[in-house]
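I have placed the structure first, in the form of structure tokens, so that the comments after it can refer back to it.
The values are calculated or read from the model by the stated rules, or taken from the named source; none is laboratory data. Because the structure is a prediction, the values reported are computed rather than measured. Neighbour counts run over all protein chains shown; Cβ positions are idealised from the backbone, glycine included. These accessible areas exclude ligands, DNA and RNA; they are computed on the full protein's heavy atoms, side chains included. Shrake-Rupley method; radii C 1.70, N 1.55, O 1.52, S 1.80 Å.
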Amino acid sequence: MNLLKKRIEEVGDVVTDGVLRLDSILNHQVDPELIMAMGREFAVRFKDSAPTKVVTVESSGIPIAFATALELGVPLIFARRKKSVTMSEQVYEERVPSFTKGIVTDIMISTNYLNSEDRVLIIDDFIANGDAARGLVRIVAKAGAELVGIGIAVEKSFQQGGSSLREMGCRVESLAKIASLTNGKIVFD
Ligand code: 5GP
């Protein structure tokens, strides 16, 4: 997706050889026009698989997942990272390491919102090692729902997440693929 690549070139900040900061458009401040364009692009790519729910994990995946769900005309569910006092019901729960925070968190989705009739499209902002996406895939499986695909805004293809999910048989589509961040330079695939 050329628009996203252009914006990454303009504002992307290489923090280390493994981490790209996109705080001014995606991870802190949000660029609504860019996000809506990403939602439209994911909707075009996945419409044929007829998703009934879009699923992400809080927090940075939410805007893109929302835009995608709006375009597809289906609800968005965001997995919560820890149990909220308002969440008294039964949950599907998985433990996942967080790439950027360096901690392990529990992610959960209420059993009220995901069931065996659902066809799920997972959306997230970045994929690195794939732990967040694999956690969501396991939650979808626990619900007995069908996973129709995984849409990722930025895939860092020098890390193994995207390829490991494809090897598991998942359809993974990313809007921008980054081959390297070495020496502060963003190299697209
Ligand atoms: P994974 O679970 O695939 O290792 O990491 C994915 C999650 O970590 C994403 O949801 C994203 O929030 C965060 N993440 C991974 N790599 C990056 C990165 O290079 N930049 C930013 N801003 N977040 C990242």
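Of note:
- Under the Karplus curve 6.51 cos²θ - 1.76 cosθ + 1.60, θ = phi - 60°, whole-Hz ³J(HN,Hα) for the range 51-57, x wherever Gly or Pro sits: x, 9, 8, 9, 10, 9, 10
- Restraint check, LYS82/LYS185; LYS101/LYS185; LYS47/LYS177, Cα-Cα greater than 25 Å: LYS82/LYS185
- Listed residues VAL120, LEU22, SER164: farthest to the positive end of the dipole of the chain (Cβ charges): SER164
- Build a GNM of the chain with springs between Cα atoms under 10 Å apart, and of PRO51, PRO97, PRO63 the one that fluctuates most is PRO97.
- Between amide H atoms placed 1.01 Å from N, distances below 5 Å from LYS156 occur with ILE127, ILE178, all of them 5 or more places distant or on a separate chain.
- Taken about its Cα centre, the range 37-113 carries a charge dipole of roughly 160 debye when the Cβ of each Lys and Arg holds +1 and the Cβ of each Asp and Glu holds -1.
- In degrees, nearest ten, helix 2-11 long axis to first principal axis of the chain (Cα): 60 degrees
- Residue-wise HN-Hα couplings along the range 115-121, as the Karplus relation 6.51 cos²θ - 1.76 cosθ + 1.60 with θ = phi - 60° gives them from phi, are 8, 5, 8, 7, 10, 10, 10 Hz; Gly and Pro carry x.
- Helical content alone sets the calculated 222 nm signal of the chain at -9000 deg cm²/dmol, taking -39,500 (n - 2.57) per DSSP H segment of four or more residues and averaging over every residue.
- Relative contact order for the range 34-178: 22 percent, from Cα pairs under 8 Å spaced at least 6 residues apart, divided by residue count.
- Dipole check for the range 34-178: with +1 at the C-beta of Lys and Arg, -1 at the C-beta of Asp and Glu, and the Cα centre as origin, the magnitude is about 220 Debye.
- Acute angle (nearest 10 degrees) that the helix 32-46 long axis makes with the longest principal axis of the chain, alpha-carbon atoms: 60 degrees
- Selection from ILE152, GLY130, LEU3, by position along the positive dipole direction of the chain (Cβ): GLY130
- Accessible surface, per residue, of the chain when the full set of protein chains is kept, probe 1.4 Å, Å²: 48 Å²
- Coarse-grained scattering of the chain at q = 0.09, 0.14, 0.16, 0.18 Å⁻¹, given as base-10 log I(q)/I(0) from a Debye sum over alpha-carbon atoms: -0.30, -0.74, -0.98, -1.24
- Carbon plus sulfur fraction of accessible area for the chain, probe 1.4 Å, in percent: 50 percent
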